[in-house]
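The values are calculated or read from the model by the stated rules, or taken from the named source; none is laboratory data. Every value quoted in this text rests on a predicted model; they were computed, and no experiment measured them. These accessible areas exclude ligands, DNA and RNA; they are computed on the full protein's heavy atoms, side chains included. Shrake-Rupley method; radii C 1.70, N 1.55, O 1.52, S 1.80 Å.
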Amino acid sequence: MSSKRRTEYLTSKNFVNGRFKYPVETRVDYSVKALLPILRQYIKGNHRARPKEILPIQRIVTPLSKEDVNKAAVTWLGHSTSLIQLEGRLLLIDPIFEPYSSPYRFGGRRYSEQLPIEIEDLPQIDAVLISHDHYDHLDYRSIRRLKDKVRTFYVPLGVSSHLERWGVAPEKIEELDWWKEAGFEGLKFRCTPAKHASGRGVFKQNSTLWCSWIIEGKHTKIFYSGDSGYGPHFKEIGDHYGPFDLTLIEAGQYDDSGWWPLHMLPEETVQAHIELQGNILLPVHWGAFTLALHDWDEPIKRVLKAAAERNVVIAVPRIGESVEIGSSEIPSVPWWRDIT
């Protein structure tokens with residue numbers, strides 16, 4: 001680690017006793033008493049934890065254009081991976097283009113056989129934003145295949161060490177702490193808090209930072225939650241930087257204990273959107289992989305119900321379908337209902 005980066009770690013308010021932490025104490029119960037019911041659930045399984053049929057996707061066949069500087073659109077590629085077209089720039093969030101959500105080729109297989117677009121078919125990407133270093137958000141193979149197509153990577157503190165080890169040139173990486181921002185050709189990227197954790201194995205847990213992101217253009221503001229449990233940071237972000245034209249907030253991969261304090265239940269997703277002062281909510285972190293035991297389509301059903309009760313406008317695009325910000329037409333077809 002360079003002396004500059006070591007100084008950034010040591011001066012970060014979030015770096016305490018050699019580990020990053022959320023400012024509000026988050027206790028996760030890993031006792032045998034708490035874990036036994038979860039273990040029983042895993043042994044029992046859930047036949048609806050993944051769809052029985054291959055999930056259909058919408059292929060991106062029209063070449064992605066950077067010419068229309070007035071266009072602001074988000075294309076959901078499944079799980080949390082999203083492609084953003086904003087003021088003549090192409091951005092990628094947490095790009096996972098592999099068929100698995102982990103480094104191991106068992107379990108966690110993607111629901112679809114194809115992706116809306118392959119890395120080889122992507123034009124040059126102006127910026128990639130990474131929220132944290134868990135395998136389903138930072139993928140070695142995807143980064144290796146993408147690195148020569150990307151101009152700049154934006155990551156929270158510590159994550160640059162992974163990218164550099166995988167062959168990304170250090171000068172192509174911008175590393176930020178919470179509440180710091182970077183300018184990029186008329187856009188602003190703000191690294192903001194999240195209530196989560198980090199680590200790519202048993203050891204060195206929370207030795208890198210995790211975050212949410214604000215993406216701001218001249219006329220458009222987008223918020224991406226990364227992985228996060230519900231916490232006071234949403235209102236704080238909304239009060240400082242809201243309102244947002246569109247929020248991408250995690251809505252899936254939760255359970256009653258263990259995962260839940262560091263992830264949100266769908267009803268909390270809607271509450272977070274309200275506190276962020278969001279206009280359109282696009283739920284992510286579902287629809288691609290099974291990482292928890294709930295039904296694969298439970299997150300979208302619950303978030304839709306909560307959104308209707310709270311008068312929240314929600315976009316439900318097919319994987320590969322775009323949500324154009326400012327358009328009167330928002331994807332609303334419940335496409336998952338025809339899938340068993």
Span per principal axis, largest first, for the Cα atoms of the stretch 53-324 (Å): 45, 44, 39
Name the long-range amide H neighbours of Tyr154: under 5 Å, sequence gap of 5 or more, or other chain; modelled H, no Pro or chain starts. Val128, Leu129, Ile130, Glu174
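Share of Cα-Cα pairs in the stretch 143-279 beyond 22 Å, in percent? Before the final figure, lay out each step's value.
Values: 3964 of 9316 pairs.
Percent of Cα pairs beyond 22 Å in the stretch 143-279: 43.
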Work out from phi, with θ = phi - 60° and the Karplus expression 6.51 cos²θ - 1.76 cosθ + 1.60, the ³J(HN,Hα) of each residue of the stretch 223-229, listed in order in whole Hz, and give x for Gly and Pro. 10, 10, 6, x, 8, 6, x
Could you run the Debye sum over the Cα atoms of the stretch 263-340, one equal point scatterer each and no solvent, and tell me log10 of I(q)/I(0) at q = 0.23 Å⁻¹, two decimals? -1.23
Students often get this wrong, so check it: of Lys21/Lys172; Lys4/Lys195; Lys149/Lys301; Lys147/Lys218; Lys188/Lys235; Lys221/Lys305, which have C-alpha atoms separated by over 30 Å? Lys149/Lys301
Treating only the Cα positions of the stretch 106-158 as identical point scatterers, give the base-10 log of I(q)/I(0) from the Debye formula at each q in 0.15, 0.31 Å⁻¹. -0.51, -1.33
Relative contact order, percent, of the stretch 259-340 when contacts are C-alpha pairs under 8 Å separated by at least 6 residues? 29 percent
Backbone HN-Hα couplings from phi across the stretch 283-291 [Karplus 6.51/-1.76/1.60, Hz, Gly and Pro as x]: x, 10, 6, 8, x, 9, 9, 9, 10
Of the accessible area of the stretch 53-324, with the probe set at 1.4 angstrom, what percent is carbon plus sulfur? 49 percent
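Work the Kirkwood hydrodynamic radius out for the stretch 198-340: mean of 1/r over every pair of different alpha-carbon atoms, inverted, in Å.
15.9 Å
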Remind me, relative contact order of the chain in percent, using alpha carbon pairs under 8 angstrom and six or more residues apart? 19 percent
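Could you give the accessible area per residue of the chain, probe 1.4 Å, as a whole number in Å²?
Heavy-atom SASA per residue in the chain reads 46 Å².
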